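These notes are about the structure you will find just below.
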Amino acid sequence: MDKVTQAKRDIVIANRILAMEGVVDAYGHVSVRHPEDPGRFFIARSLSPELVGLDDIVEYTLDGKAIGDTRPPYLERYIHGAMYEKRPDVTNVIHAHAEATLPFGITNVPLRPVFHMAGAIGGTIPVWDIEDKFGDATNMLVTNREQGLDLAECLGNNKVVLMRGHGFSAVHTSFVGLVTMSVYLPSNARVLLEAMKLGEVKGLSDNEIATRGKNDPNSPAARRGWRYWATKAGVGELLSDADR
């Protein structure tokens, strides 16, 4: 199977998994950089993740312009284009409103990994506040390239950025890594919130985070989870031959 076809299949798989796991609601979205043209990316048309199919995938330039498709786009497609523009290393992007992460975007309590499966989220998770540069008269959505680039600038070299009163965006170098990280990000937030009720929290050390971050996101162990979630979400037939 060619790379473009599998990339589109992986978008469908990722959408279905993230919807099933409650990471994205009706308004979340994921994308993949075009495997043959780094100046473009694929993302679904404006559609809830649980409903995304192969025919819904649209190609975009990094400034958010659709290639040969006039169907309504996601308003926040600029998040994805800006992340790819600012981070040449990135091949996959997610934007989601996972409720468990919200408290850490509206308080001074940092979100850090506290259990091993969440180590990949990294030790530094910045918080982006749209009001800082664009004032308090926005609808808090990233609806243009300038806002997207400002968000990407706040992300820096990290994997996850929280968005004050909104949700989070995250990047990775593979869909397997992005989905795995995104599944355990809100889980980590919930565990941390519960632990804080009991007293002082001992999270992962910097060395433990760094070591977890070196794990190969495409290892057989990592892809085991991808295969399991895809099958559970009812899209196992879209997996690559190597994953079946």
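Could you figure out which of (1) part of a helix (DSSP H, G or I); (2) open to solvent by 10 Å² or more (accessible area, probe 1.4 Å); (3) of a type in the set (Ser, Thr, Tyr) isn't true of Tyr84?
Condition not satisfied by Tyr84: (2).
Has segment 158-173 got at least one residue that is under 18 Å from Arg87 (Cα atoms) and part of a helix (DSSP H, G or I)?
Checked against the condition, which is being under 18 Å from Arg87 (Cα atoms) and part of a helix (DSSP H, G or I), segment 158-173 yields no hits at all.
Considering only segment 38-55, state which residues are surrounded by 18 or more Cβ atoms within 10 Å (Cβ to Cβ), closer than 14 Å to Ala7 by Cβ and of a type outside the set (Phe, Trp, Tyr).
Selection gives Ile43, Ala44, Val52.
Go through Lys133, Lys197, Lys159, Lys202 for me and flag whichever is closer than 27 Å to Asp243 by Cα and open to solvent by 40 Å² or more (accessible area, probe 1.4 Å).
Every option except Lys159 fails the conditions.
Might you let me know whether segment 224-243 holds any residue that is without any contact (Cβ under 8 Å) to a residue 60 or more places away in the chain and not in a helix (DSSP H, G or I)?
No, segment 224-243 has no match at all.
Which of the residues belonging to segment 108-130 are of a type in the set (A, V, I, L, M), open to solvent by less than 50 Å² (accessible area, probe 1.4 Å) and either within 17 Å of the chain's Cα centre (by Cα) or at positive phi (or both)?
Those that are of a type in the set (A, V, I, L, M), open to solvent by less than 50 Å² (accessible area, probe 1.4 Å) and either within 17 Å of the chain's Cα centre (by Cα) or at positive phi (or both): Leu111, Ala118, Ala120, Ile121, Ile125.
Open to solvent by 20 Å² or more (accessible area, probe 1.4 Å) and assigned to a strand (DSSP E or B): does that describe Glu59?
For Glu59, the condition - open to solvent by 20 Å² or more (accessible area, probe 1.4 Å) and assigned to a strand (DSSP E or B) - is met.
Scan segment 87-98 and tell me whether some residue there is over 27 Å from Asn207 (Cβ atoms) and open to solvent by 50 Å² or more (accessible area, probe 1.4 Å).
Yes, segment 87-98 contains at least one residue that is over 27 Å from Asn207 (Cβ atoms) and open to solvent by 50 Å² or more (accessible area, probe 1.4 Å).
Quick check, is Pro103 of a type outside the set (Ser, Thr, Tyr), out of contact with any Leu (no Cβ under 7 Å at 6 or more places or on another chain) and surrounded by fewer than 17 Cβ atoms within 10 Å (Cβ to Cβ)?
So Pro103 fails the test.
Within segment 113-127, does at least one residue satisfy the condition of being more than 22 Å from Leu193 (Cβ to Cβ) and either in a strand (DSSP E or B) or out of contact with any Phe, Trp or Tyr (no Cβ under 7 Å at 6 or more places or on another chain) (or both)?
So far as segment 113-127 goes, no, none of its residues is more than 22 Å from Leu193 (Cβ to Cβ) and either in a strand (DSSP E or B) or out of contact with any Phe, Trp or Tyr (no Cβ under 7 Å at 6 or more places or on another chain) (or both).
Restricting to segment 130-149, name every residue that is touching a residue at least 60 places away in the same chain (Cβ under 8 Å) and not basic (Lys, Arg).
Selection gives Leu141, Val142, Thr143, Asn144, Gln147, Gly148, Leu149.
If you take the residues of segment 1-16 that are over 18 Å from Ala230 (Cα atoms) and assigned to a helix (DSSP H, G or I), which of them is most open to solvent (accessible area, probe 1.4 Å)?
Taking the candidates together, the pick is Lys3.
Taking segment 17-37 on its own, how many of its residues are part of a helix (DSSP H, G or I) and surrounded by fewer than 24 Cβ atoms within 10 Å (Cβ to Cβ)?
Within segment 17-37, residues that are part of a helix (DSSP H, G or I) and surrounded by fewer than 24 Cβ atoms within 10 Å (Cβ to Cβ) number 2.
What number of residues within segment 31-55 satisfy the criterion of being among the acidic types (Asp, Glu), free of Cβ contacts under 8 Å to residues at least 24 places away in the same chain and over 20 Å from Val171 (Cβ atoms)?
1
Which residue, of Thr101, Thr138, is out of contact with any Asp or Glu (no Cβ under 8 Å at 6 or more places or on another chain) and farther than 26 Å from Lys8 by Cβ?
Selected residue: Thr101, the only one of Thr101, Thr138 that is out of contact with any Asp or Glu (no Cβ under 8 Å at 6 or more places or on another chain) and farther than 26 Å from Lys8 by Cβ.
The values are calculated or read from the model by the stated rules, or taken from the named source; none is laboratory data. Model, not experiment: these values are computed from the prediction. Cβ: placed from backbone, ideal geometry, glycine included. Neighbour counts: every protein chain shown. These accessible areas exclude ligands, DNA and RNA; they are computed on the full protein's heavy atoms, side chains included. Shrake-Rupley method; radii C 1.70, N 1.55, O 1.52, S 1.80 Å.
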